[in-house]
Structures are given as C-alpha cells and as structure tokens.
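Chemist: Here it is, the structure, as structure tokens.
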Amino acid sequence: MKNRHLVFTGLVLLIALLLPLLTNDYIIQVGTEIAMYAALAAGWNLIGGITGYPSFGNVTFFGLGAILAGAFSVNWHWQYGLAGIVAVLIAGAFGFLLGLPILRLKGHYFSIATLALAQATLAVVTNVQFLGGGRGTSLPLIGSPLIFYYIMFGIAALSALVTYLIVHSQYGNTLLAIKSDEQAAQSVGINTVLAKSTAFALSALLGAMVGVVYAIWQSYIDPPTVFEPGITVLMLVMTLIGGAGTVAGPILGAVIIGLLTQLAMAFSQNASSLILGLGIIVVVLFLPQGILGRQRSGKGGKRKGKHSFSLRG
Amino acid sequence: MSILQIKNLSKDFGGLRVLENISFSLDEGSVVGLIGPNGAGKSTLVNLIGGGDQPTRGEIYFGSRRLNGLPAWRIARLGLARTFQITRIFSDLTLDDNVRLAAWTNGWRGKNLETEVARLIALTELSDKTGVLGRDLTLSDQKRLQLARALALKPKLLLLDEVMAGLNPSELDRAIQLLAKLRNEGITMLVIEHLMRVIMSISDRVLVLHQGTLIADGPPAEIVASSQVQEAYLGRRYVKNRGGFQPDEPSEVKEGT
Amino acid sequence: MHLWLQIILNGILQGGILGISALAFSLQWGVMNLINLAHGSFQILAAYVAMVLLQRLGLDPFLAMPLVFLIFLAGGYLLQFGIINRVISGNLFMTLLLTYGLDFVLANFMILLFTADYKSVNTPYANSSWHLLGFQFPIVRTLALIFLVILSLLLWLFLEYSRTGRAIRATSMGTEPARLMGLKIPKVYALTFGLSSGLAAIGGIFFGLSNAFSPAAGGPLTVGAFVVTILGGVGTSWGPLVGGLILGVLDAVGSVILGPTYVNIITFGLLLIILILRPTGVLGRAAT
Ligand SMILES: Nc1ncnc2c1ncn2[C@@H]1O[C@H](COP(=O)(O)OP(=O)(O)O)[C@@H](O)[C@H]1O
Ligand SMILES: [Mg+2]
C-alpha cells in the first residue's frame, strides 16, 4: 500500500520535472495551467471535500492574492516576494474571519453565501482605485515560462503535501468528524468553529498563493477574470472527478479536465465549455464518488452509489 | 457536594412548553435515574445540560461554573460527557478513530492515547469491530461506541440517554455491571432508561419527568411505590412481581438541534 | 422631490422584473429544496425564443407568451423527470452541481446558435413609456409588475386550492409524509419543475423586452433571483414580490446616491448580511 503510493508519487514528480526538457512552449503553458488548477483544487478539497462545506466562492482567495500582490507592487513598489507574502497572509486572515460567520450556514445557504462573497469582493475591488478599479493592473514582465511552470508545480506539490499531512493527522479526523456530524463533534469537545475556520483559512492561503503567482505570470490582472465563478466550479469539478477528500483526487481531476479542455480547444473555445458542461452532468449522474473515491469500507458492508458528501440542509 | 445544579429550567419550542420550571441537583458520585413517558422532555433536558440547545429560562451550574451560553464543546471539555438517544457517530471514521479522536481532543497523546483507546474499546466490548467505518456499525454497536467516546473525555459527569435500548438480556446484565464499575470509579451519572429493572439496580435516586414537569424525586423503591408516579407513568402496565414493565415504543422525535 | 419619487418608482417597477424572475426560482427551492443554477439561462433561452418568433413569424412577445410558457412547461417536466429526479434525493451538492452543468451546456448552446453578441426583442413599445401624473411609467416594466402581482395571486390560488397545488405543497413539507399520503413524488417534482420553467420563461420574455441580452446574461439573472428569494423568504407565494420591490428600490436609490458601480456591492453585501443574520428571509419563518 505505502509502496504503491510512493512509486506513484515518484512517477508523477519525475514526469512533471522532466516534461519541460522534452517539449515546447505550448506544453509548458498547458503544464503550468494544470499545475495551477491542481493546486487550486487541492485547496478547495480541504474545505469542500474533507470538511464537507462545498464552497462556491473559493475564487475569492485566488482573486484577492492576485489583486493584492499587484496593488502592493504597483502602488507601493514592493518586491514581488514581499507583496506576495503579505497578500497571501491577508487572504488567509480574510478567509478565517469570514469563515466564522459563513461556516455557520449549512447546505445551499453556505454555497450561496460563498458565491456572494466572491461577487461582493469583486464589486469592492472594482470600486477601489488602489486595487486596480475597473481597469485592472499591469505588472512588469519578469521570469521565463519555465520558471512559472516550476513555481506552479511547486505550489501544487505543496498543496498535496499539506493535504497528505492533514488527512493523516487528528486534525484531519476532526474535519471528517465535522463532516459527519457537527453536534457529535462538539459533544466530544471539538471546537468546530475554530476547526472549520482554520480549514477555510488554509484553503484561502493555498488559493491566494496560486493567485499571486498567476498575476506575476500573466503580468496583467483583470478583476472580473480573477474572480470568475467558473474558476471555483473548475476546482470543485476536478476534485469531484478525481475523488473528494482524497490526496491525489484533485490532482488527477486537474490533469483529466486540463487535458480534455486542451483537446476540445482544438475545435473551439465554445465546444470546450460545452464539453465541460456535459462532463459535469455525466460525473454527477454516473460517477458521484469520483475515480479515487472510496467505494467500500474496511470490514463492513458496501456503500456503492452513495455520495462522498453528506450534507444536511 | 452537588456536581450539577439545575435552577428553574424551562424550555419552549415555538409555542410548545416542553420543560417547565425544573429544579434539582446531583450529588457527586451518585447515580440518578431519569424516567418518564415518551415525550416527557428527558432528551431535551439532557440536551440543555450538554449545551446542544439553550434553555428559555433558568440556569445550569456544573460545580460552580454556570453553563448557560457556553458552546457544547466547552461544556464537554469541562468533563461533562453525553450520549445521544438517536445515535450520532462519525460515519466517515473507523470505530477506533471515533474513540481516538475524542481521547486526543481531550489531551491523551502518544502511547497513553493508544492504551486508553484500546481500554475503552475493550470495556465496551467492541474489540472485534476495530477498523469498521462508523457508517457500517450496527445500532447496538453505535450505542456502545457513543459510550466509549463519552468515556474518552475522562468525564466527571456522564449523561446517558437510553444507551441500553435494544440490548438482549445477557448484554443488559453486562451493561449494568459496566455502569456499576464506572460508578465505582467515581463518575456521577444521570441515566435515562425505560427498563425499570435497570433503573432499580443501579440508581441511588430516581427523578420522574411527566409532561415537562418533575413530579417525583426519591429513592427507587419509594418511586416505584408512589401512586402518583404509577398513575402518570407506570400505569397499569407495571407488574410488581416481574419488576419491569413494557414502555411505549421509543420516541421517533428528533432531538433538539 | 419629484426626481426622487421617479427614482423610487423606477426601483419599484424594476422590482417587477426581478420578482417575476424569482417566482420560479423560489418555487423550485421551496418545494424541492433545489437551487437551480441554470435558472437564468432558462430565462435567456426564453428571450431568444421570443426574439425568433417575433423576427420570423412576426408574433408579438405577449401573444407568444402562452406558447412559450407551454413549451417550457413541457421541457421542464421532461428534464426533471428524466435527469434531475435521478439525483435530487441524494445530496444537495450534487444537484447544485448538476444544474451548474446544465447551465454551462445551455449557455454555450445558445452561443453556438445565436453568437455571444447582445440581442434584443425589438417591439415598438419596448422603449416607450406611459405618462401619468407627471411620472414616467416604462410600458414593459409596468406590465411586468402587474403580471407579477397577477401571477403571484394565481400561484397562491393554485397552491392553496387546486388538487395538484395541494400535492405540491404537501410535498414541500417533506417527501416522507407526502409518500404516505399516496403522492408520486417524482411526478410532483416534474410538475413543479415544469410549472416553474414556464414561469421562468415569462420572466425571461419580460427581461428580453426591457434589456439587451446575451447568453452570458443568465448568471447575473440567477444571482438576482437568488437575492430576491432570500429577501422575500423561500417558498412563499408573495416572497418574490416583496423581495423584488425591496431589491429594486434599494438598487435604484443606491445607484443614484453611490453611483451605478456600487449596485453590486449593495446586492451582494445585502445577500451576505441577510444570509448570516436571517437566512429565512423577510417573510419567512424565523430561523431556529
Ligand atoms: N427540536 C424540537 N422542536 C420542537 N419540538 C421538540 C423538539 N425536540 C423535542 N420536541 C418536543 O419536546 C417534547 C419532549 O421531547 P423529548 O425531550 O425528546 O422527550 P423524551 O426524551 O422524554 O421522550 C416532545 O413533545 C417533542 O415533540
Ligand atoms: Mg428521549
């Protein structure tokens, strides 16, 4: 079991690291995007997959990371490193503090509150000149595509590592307990509010980290683009396809969707979106557990066809 | 020394008065039975004490600590553990992870943690179920798991809401022995149970709840003899020579959320 | 003073458009606990249908309305019966995701058919107004508000007094009791979704008459319906009217005082605050 995981991880790392040596700019671009979405999906998995709070607004943190890093470096002439770190920390704190009230909501109400959070944040950003206002922010071009590939890849690896550590810790079990039954979790002394908000903050930190790198990579930040609700949906679809709550699921999902999107793009942008939509429907109807999702448990009975989320509305 | 003090407690759900001006206290180390017909408000009372819901009026003291307004997890950390009548287990965790998480949350670490988890699982006769996911446990296993999980809190006070429902006679005997053992360890218990045989054999004192009010409070023998209690609760069904009676079907009502 | 009254009047009339859009959304949510993320795209599709009927057959949108209503009713019924019912008893999240996928498919399908450019339903009266007591009453919006009041009343009567309506209401109180009463839940759900799709289509026609639209306009419409539903209270017949008026007036007044770019802050800020403080809405039962 352990060995198989190790071999798998090694193989993925090897391919990912050697990929740029063998191929061209286009492949590097696609590889960077896949790594970016793998990291975002892994971040979503922490709150949506493991804790059972399906956020529809995680793009908020991606957008905040990008916008804040841009604003700090353009307006205050901070180095990218400093601007990025501060942006990530602010986004993390934002996630934690907003998590306190929003994570009290359940089911639909939580999903929509997070959707509203993303839209409200975008609305504020477009009205504040410091943050780029309605026009967006241009950043000086630095680095090479290859560098950004390795950085995004590093963040994806970090996200997977963080997920692995959480899943194999009592904190991970705490989050799973919250997903199962919050009242029971409280009854054994678990501070559920703190645990949930921390998970949301971790999710925010990872998302913002990706956002910062994305902004520098693209060297232009357009607020509606970096707060696009579709980005959250991609995170969640990738996680679901791969297997929610698992370590490798979000990454596998990002690779699958990433490659499919590229294939479909060969026809048209529109066709690729249409295929994504149909893909979502197919997954919901035929693969609700995801590819790596648990189909059965240890000694007891089977639980085929049951969803890996359990939400009470 | 009283460990728990309830003062003038009332609870309304919407317009419905479910508990009416309840006052009593529990002595440290005692085992007190709480009986009453279905819908009397027993589970609601336990839920208020455990912090799962807030009373409409009245106060709850645990030792000198006022519990009103405290979140349930804080109350649990103070050493007040409970089980749920309608079982609530962590369905995505294995049986041992259920217990382990509770113990870990309450300060057990490393080798001690593992020893304690194994002890609690053995104590509740669940050793052959380790590794089974919570969602795959039978109801009777879930009830026992809730007890093990509650004990992982090193509780000073234990609130047990119908933990023995559905046990067969031999399991029942062992459960009674287990409660006696816990009592010898000094754990104070408030036990909701329908089987008079259980109540008679383990409690020092019995409280009777009827339509939200406390109608009797005294030693088990006295309670059984009381005509008021017999009328309200035991009714015609109580058969003295069997020392037991058949309660109504267990309530289907959800516990307060 | 007069200017302010006109601004508030504009808000009230805009409330009609918002409220009609929310009627269907609220019904689906209230009865089936279904959040239909494709709601806005349904409406835009109806606007396109009205546009095509007008351009090709010269059929006035108001005359086309019953026809479009029936087409959407049938389509909605089949969609719910064939696809959504398969997941709706599972978990909320999967249903949410399903409707999102549906939205994606619909929106991109419309781009293929009609391109991503803005279109409008060009009627002679689309941009004209009635004048009364010195105030301007844009014709389409005024009719929308009147329709909203009538439709709310009809919906209320239907749910309260018809057999089918009572079955729908019984189902909204929980599927288990409804099953015990002998109701066929999948059929009731399909009917509910069909009916609300028809209502959504009417809302879409009004939207198309009063705004330029593109396939991308569905998302904001869904969100608007959501805010209105939350404001008015989920699953109440009169909630959409109340919520629509509140949001319409707030947006109209807010955009004059703060500037039009702040409208989204008001809308989403309000939504967040209401969700956190009173998730059952203004007319809804108090949160427990
Ligand atoms: N969350 C709730 N909302 C409304 N009524 C409730 C709620 N919980 C319990 N009740 C009502 O309170 C009364 C007492 O219930 P309960 O405490 O479960 O009784 P017992 O445990 O003694 O059988 C019952 O009439 C029940 O219907
Ligand atoms: Mg009870």
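Here is a yes/no grid of residues against (1) open to solvent by less than 20 Å² (accessible area, probe 1.4 Å); (2) under 20 Å from A:SER55 (Cβ atoms):
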position	(1), (2)
A:GLY154	no, no
A:ILE178	yes, yes
A:SER187	yes, no
A:SER203	yes, yes
A:ALA208	yes, yes
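Chemist: Something else: Among (1) part of a helix (DSSP H, G or I); (2) within 14 Å of another protein chain (Cβ to nearest Cβ); (3) among the charged types (D, E, K, R), there is one condition C:GLU160 misses while meeting the rest; what is its number?
Modeler: (2)
Chemist: Next up: Considering the stretch C:84-108 alone, what residues qualify as being within 7 Å of chain A (Cβ to nearest Cβ), over 14 Å from A:GLY230 (Cβ atoms) and open to solvent by 30 Å² or more (accessible area, probe 1.4 Å)?
Modeler: C:ARG86, C:GLY90
Chemist: Which one of the conditions (1) part of a loop (DSSP other than H, G, I, E, B); (2) more than 16 Å from ligand 1 (Cβ to nearest atom); (3) within 26 Å of B:ILE3 (Cα to Cα); (4) touching a residue at least 40 places away in the same chain (Cβ under 8 Å) does B:GLN85 fail to meet, given that it meets all the rest?
Modeler: Condition (2) is where B:GLN85 drops out.
Chemist: In this structure, does B:PRO219 turn out to be more than 16 Å from ligand 2 (Cβ to nearest atom), within 22 Å of B:LYS7 (Cα to Cα) and without any contact (Cβ under 8 Å) to a residue 60 or more places away in the chain?
Modeler: Yes.
Chemist: Still on this structure, I have one more. Out of all the residues in the stretch A:99-114, is one or more part of a helix (DSSP H, G or I), open to solvent by 10 Å² or more (accessible area, probe 1.4 Å) and at pLDDT 95 or above?
Modeler: Looking through the stretch A:99-114, none of the residues is part of a helix (DSSP H, G or I), open to solvent by 10 Å² or more (accessible area, probe 1.4 Å) and at pLDDT 95 or above.
Chemist: Restricting the search to the stretch B:22-58, which residues are within 30 Å of B:GLU231 (Cα to Cα), surrounded by fewer than 19 Cβ atoms within 10 Å (Cβ to Cβ) and either aromatic (Phe, Trp, Tyr) or more than 16 Å from ligand 2 (Cβ to nearest atom) (or both)?
Modeler: The answer is B:SER23, B:PHE24, B:SER25, B:ASP27, B:SER30, B:THR56, B:ARG57, B:GLY58.
Chemist: Tell me whether the stretch A:236-255 contains one or more residues that are open to solvent by 10 Å² or more (accessible area, probe 1.4 Å) and facing chain C (nearest Cβ under 9 Å).
Modeler: Within the stretch A:236-255, none of the residues are open to solvent by 10 Å² or more (accessible area, probe 1.4 Å) and facing chain C (nearest Cβ under 9 Å).
Chemist: Looking at the stretch C:32-59, I want the residues that are in contact (Cβ under 8 Å) with a residue 24 or more places away in the chain and have a partner that is of a type in the set (Asp, Glu) and open to solvent by 10 Å² or more (accessible area, probe 1.4 Å) with Cβ atoms under 8 Å, at least 6 apart or on another chain. Which pairs are those?
Modeler: Listed pairs, sorted by first residue: C:LEU37/C:ASP103; C:ALA38/C:ASP103; C:GLY40/C:ASP103; C:SER41/C:ASP103; C:LEU54/C:ASP60.
Chemist: Would you check which residues across the stretch A:99-121 are more than 7 Å from every other protein chain (Cβ to nearest Cβ) and under 18 Å from the mean Cα position of the chain (by Cα) and list them?
Modeler: A:GLY99, A:LEU103, A:PHE110, A:THR114, A:LEU115, A:ALA118, A:THR121
Conditions (1) part of a loop (DSSP other than H, G, I, E, B); (2) within 16 Å of ligand 1 (Cβ to nearest atom), marked per residue:
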site: B:GLY39; (1), (2): yes, yes
site: B:GLY51; (1), (2): yes, yes
site: B:LEU70; (1), (2): yes, no
site: B:ARG74; (1), (2): no, no
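Chemist: Keeping to the stretch B:158-174, report how many residues are more than 16 Å from ligand 1 (Cβ to nearest atom) and surrounded by fewer than 21 Cβ atoms within 10 Å (Cβ to Cβ).
Modeler: The total comes to 8.
Chemist: Would you point out which residue out of C:ILE71, C:ILE12 is modelled with pLDDT of 95 or more, open to solvent by 50 Å² or more (accessible area, probe 1.4 Å) and closer than 23 Å to C:ALA217 by Cα?
Modeler: Residue meeting the stated conditions: C:ILE71.
Chemist: Residue by residue through the stretch C:262-283, note down the ones that are modelled with pLDDT under 80, within 13 Å of chain A (Cβ to nearest Cβ) and within 19 Å of C:GLY15 (Cα to Cα).
Modeler: Hit for the stretch C:262-283 is C:GLY281, nothing else.
Chemist: Collect the residues in the stretch A:158-175 that are in a helix (DSSP H, G or I) and closer than 20 Å to B:VAL99 by Cα, keeping them in residue-number order.
Modeler: Residues satisfying the conditions are A:ILE166, A:VAL167, A:GLN170, A:TYR171, A:GLY172, A:ASN173, A:THR174, A:LEU175.
Chemist: Quick one: count up the residues across the stretch B:74-83 that are facing another protein chain (nearest Cβ under 7 Å) and surrounded by 21 or more Cβ atoms within 10 Å (Cβ to Cβ).
Modeler: The qualifying residues number 2.
Chemist: Output the residue which, of all residues in the stretch A:26-52 that are over 15 Å from A:SER111 (Cα atoms) and of a type in the set (Phe, Trp, Tyr), is most open to solvent (accessible area, probe 1.4 Å).
Modeler: Out of the qualifying residues, it is A:TYR26.
The values are calculated or read from the model by the stated rules, or taken from the named source; none is laboratory data. The shown structure was predicted, so the numbers you read here are calculated from the model rather than taken from an experiment. In this analysis, Cβ positions are derived from the backbone assuming ideal geometry, glycine residues included, and neighbour counts consider all displayed protein chains. When the accessible area is computed, the model is the full protein with side chains, heavy atoms only, and any ligands, DNA or RNA have been set aside. Shrake-Rupley method; radii C 1.70, N 1.55, O 1.52, S 1.80 Å.
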